[in-house]
Amino acid sequence: VHLVVPDGWSCRPDDGSDLTPITMDAHGTAVVRFCVQPPAGLEVRRARIAADVTVGARRFGQLAEALVTVR
């Protein structure tokens, strides 16, 4: 899983790594935390952030999104 964020924003898994591999059982669930940083001084309403999911070699694409307001 990796997050797709607007241009100029940074995003890293919350553990500080570049990539967070996940191992799950079939029909399992997992929680992955990210740290998202907009550019300094930015104010934006409804910026789109999406979760792009790949399982093994199969890319499922952007399966979930959130709209974020930064004040």
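Note: relative contact order over the chain, using C-alpha pairs below 8 Å and six or more positions apart, is 34 percent. Based on protein heavy atoms only, the chain ends up with 79 Å² per residue of surface accessible to a 1.4 Å probe. When a 1.4 Å probe is rolled over the protein heavy atoms, the share of accessible surface on the chain that falls to carbon and sulfur comes to 50 percent. Calculated from the structure, Rg/Rh (Cα atoms, Kirkwood Rh) equals which of (1) 1.00; (2) 1.60; (3) 1.10? Among (1) 1.00; (2) 1.60; (3) 1.10, the one calculated here is (1).
The values are calculated or read from the model by the stated rules, or taken from the named source; none is laboratory data. Note that the coordinates shown come from a computational prediction; the quantities given were computed from them, not determined experimentally. Quick note on the areas: whole protein, heavy atoms, side chains included, nothing else; ligands and nucleic acids left out. Shrake-Rupley method; radii C 1.70, N 1.55, O 1.52, S 1.80 Å.
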